[in-house]
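**Student:** Below you will find the structure I want to go over with you.
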């Protein structure tokens, strides 16, 4: 009788343990899936705020044709902030800081009562906080445990692509303002030249990182993406050197500069999309 009882208890314990492990595994997967959704949501917010920075600076320096686009971008950001996807971000201090800062900055951008350097700086500080928030979100949802190969974390590549996109985004913002004003001089020239060097070095590092990912599923796609990044960034850098960082009156339209910059950013962000899509499809076997 006693051995039967012990055997039965053992079976019950095993069933409970297996059931508990299954539940924990499912909870972990749900946590990661939610983290992926929040990561994509934050990327949309960051991308929109970067576009708002460049557009508002161009408007503040004379390109009034972009004002409707500025208003539209503000509506997009307001919608993202108020969406259901943002509810889970309220527990993060960085989110509260952003939602308090944004309404004030939005009013200043429409009023045009901030100097160009301050306007760009306020945006950049806000976006830096958003990148810090994204890092916290990815860690909180265990995305840092997801590996693309033996050495490369999903979270690292995603954050690196967004940081490079932010450097290009700053170049877009400063350059768009210069082109709208029609002359490159003073502090703007120094800042843009510094950003040009930063874009070149960070892009080269990102391309090297992408090409070094040892993942058979992604190898061909990432190789094509890295070439597209190099091509689009090189085109932007040529435009900066030949058409913006020059003496005298500029002959380049700020809209054209903005669009070339945006294409370079979009190519960088495609890598983010490739990695996040792969993670969403393969997360059960990437931990």
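None of the figures in this text is laboratory data; all of them are computed from the coordinates on show. If you're wondering where the values come from, they're calculated on a predicted model, not measured in any experiment. Using ideal geometry, Cβ is built from the backbone for each residue, glycine included, and neighbour counts are taken over all protein chains shown.
**Student:** When you scan region 251-266, how many residues do you find that are surrounded by 20 or more Cβ atoms within 10 Å (Cβ to Cβ) and either free of Cβ contacts under 8 Å to residues at least 12 places away in the same chain or under 17 Å from residue 181 (Cα atoms) (or both)?
**Tutor:** 3
**Student:** Sticking with this one: Condition test on residue 217, is it surrounded by fewer than 17 Cβ atoms within 10 Å (Cβ to Cβ), touching a helix residue (DSSP H, G or I) at 6+ places or on another chain (Cβ under 8 Å), more than 26 Å from residue 277 (Cβ to Cβ) and in contact (Cβ under 8 Å) with a residue 60 or more places away in the chain?
**Tutor:** no
**Student:** Would you confirm whether or not region 114-132 contains a residue that is surrounded by fewer than 14 Cβ atoms within 10 Å (Cβ to Cβ), assigned to a helix (DSSP H, G or I) and either over 20 Å from the mean Cα position of the chain (by Cα) or touching a residue at least 40 places away in the same chain (Cβ under 8 Å) (or both)?
**Tutor:** The answer is yes; a qualifying residue exists.
Conditions tested, residue by residue: (1) free of Cβ contacts under 8 Å to residues at least 12 places away in the same chain; (2) touching a strand residue (DSSP E or B) at 6+ places or on another chain (Cβ under 8 Å); (3) surrounded by 24 or more Cβ atoms within 10 Å (Cβ to Cβ).
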{"residue": "136", "(1), (2), (3)": "no, no, no"}
{"residue": "139", "(1), (2), (3)": "no, no, no"}
{"residue": "142", "(1), (2), (3)": "no, no, no"}
{"residue": "147", "(1), (2), (3)": "no, yes, no"}
{"residue": "152", "(1), (2), (3)": "no, no, no"}
{"residue": "164", "(1), (2), (3)": "no, no, yes"}
{"residue": "173", "(1), (2), (3)": "no, no, yes"}
{"residue": "179", "(1), (2), (3)": "no, no, yes"}
{"residue": "188", "(1), (2), (3)": "no, no, no"}
